[in-house]
Amino acid sequence: MIRVVFFDIDGTLLDGNRIPDSAKDAIARLQSTGILVCLATGRSEAEARAVKEELGIRWAVTCNGAHIGRDQETIIAHAFPVATASGIIQLAKEQGHSLHLYAAYGSYITRFSDAFRLIQRRIGLTEPLLYSTEMPFYQMIVFCEQADEPTYRERFPDLIFHRWDEQAVDLNPPGVNKGQGVSELLRFLNISPEEAVAFGDGDNDFSMFEQIGASVAMGNAVPGLKRCATYTTKSVGEHGIEYALSEILHLLPKKA
């Protein structure tokens, strides 16, 4: 029996900057059956808030597994050590790179750059505040080209790196990924992995798929994710969420 379904946001729920009506309807019908719906995303809680509110979702695994929250309450969190966070901020300053910092319920940036603005327009990142003081951070995004990435990897070899754009790479605390995040939430909720399904499309979804009983790759997913998924559905723009929930997983009640 399925008790919980996890959804990635970008490329899974979002088609560009919008959630297709078919996905909204399918998730509402899924929730009507009593199945818990959770987000599992590389975005921060602040950036996931609009999606949660639009879909009536309370739980979210954000920052690639570093932060787990219910409504506006932190349940489980893995922040960067203070010295590590300070070191990354200093290195980005030395390299002239813009650094996006994810706190629990807000986001900050060391400086605005053309690379940040370009990606912000493309995927709808919320407007961050200028960084001014230390606080717990759960994810950082360095806006730099791939050729500049080794500088950060050499200085911080224990961190988790995930490049998702030619101009942007995620940095997470050691041992943090979506798989670890959803596993922690499942244990907290006393739900077994066999009672869970996960939807995703990107490289950062591999670890989540490995920890879940059934996984669904979107039709627009990276090829490797499709190969390791239990099922592959249609793309987000082709009503892939509704198709998978009704035709593949048979979790949706029939429409009246």
**Asked** Taking a ≥ b ≥ c as the square roots of the eigenvalues of the Cα gyration tensor of segment 79-152, is the shape rounded (a/c under 1.5), prolate (a/b larger than b/c) or oblate?
**Response** oblate
**Message:** Regarding the chain, what's the average projected area of the Cα-atom convex hull, expressed in nm²?
**Reply:** 12.8 nm²
**Prompt:** Given +1 on the Cβ of Lys and Arg, -1 on the Cβ of Asp and Glu, and no further charges, what dipole in debye does segment 1-122 carry about its Cα centre, rounded to the nearest 20?
**Reply:** 60 debye
**Request:** Taking the chain as the reference, fit the longest principal axis to its C-alpha atoms, fit the long axis of helix 45-55 to the helix C-alpha atoms, and give the angle between the two in degrees, 0 to 90, nearest 10.
**Result:** 20 degrees
**Fill in**
Answer check: segment 25-173, Cα atoms, Kirkwood Rh, Rg/Rh ratio of 1.00
**Message:** Over the chain, what is the relative contact order in percent, taking alpha-carbon pairs closer than 8 angstrom and at least six residues apart?
**Reply:** 22 percent
**Item:** Cα long-axis angle, helix 21-32 against the chain (0 to 90 degrees, to the nearest 10)
**Value:** 70 degrees
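Could you work out the percent of alpha carbon pairs in segment 131-234 separated by over 22 Å, rounded to a whole number?
On the way: 2315 of 5356 pairs.
Result: 43 percent of Cα pairs exceed 22 Å.
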**Prompt:** Nearest 10 degrees, 0 to 90: what angle lies between the long axis of helix 114-123 and the longest principal axis of the chain (Cα atoms)?
**Reply:** 10 degrees
**Item:** Of 113, 143, 88, farthest towards positive along the dipole that unit charges on Lys, Arg, Asp, Glu beta carbons give segment 82-172
**Value:** 113
**Asked** Rounded, prolate or oblate: which one fits segment 163-216, using the alpha carbon gyration tensor with axes a ≥ b ≥ c (rounded when a/c is under 1.5, else prolate when a/b beats b/c, else oblate)?
**Response** oblate
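Run lengths n ≥ 4 of DSSP H only: what is the helix-derived mean residue ellipticity at 222 nm for the chain, with -39500 (n - 2.57) per run over all residues, to the nearest 500?
-9000 deg cm²/dmol
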**Message:** Per residue of segment 84-91, what does 6.51 cos²θ - 1.76 cosθ + 1.60 with θ = phi - 60° give for ³J(HN,Hα)? Whole Hz please, x for Gly and Pro, Karplus curve as stated.
**Reply:** 5, 4, 4, x, 5, 4, 5, 5
**Request:** Can you check what the net charge comes to around residue 228, using other residues whose Cβ is under 12 Å from the Cβ of residue 228 (Lys, Arg +1; Asp, Glu -1)?
**Result:** -1
**Asked** Where the only charges are on Cβ atoms (+1 Lys, Arg; -1 Asp, Glu), what is the dipole of the chain about its Cα centre, to the nearest 20 debye?
**Response** 460 debye
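Quick note: the coordinates plus some simple rules give every number you see, no bench work behind them. Quantities reported herein were computed from a predicted structural model and do not represent experimental measurements. Glycine also receives a Cβ, built like all others from the backbone with ideal geometry; neighbour counts cover every protein chain displayed.
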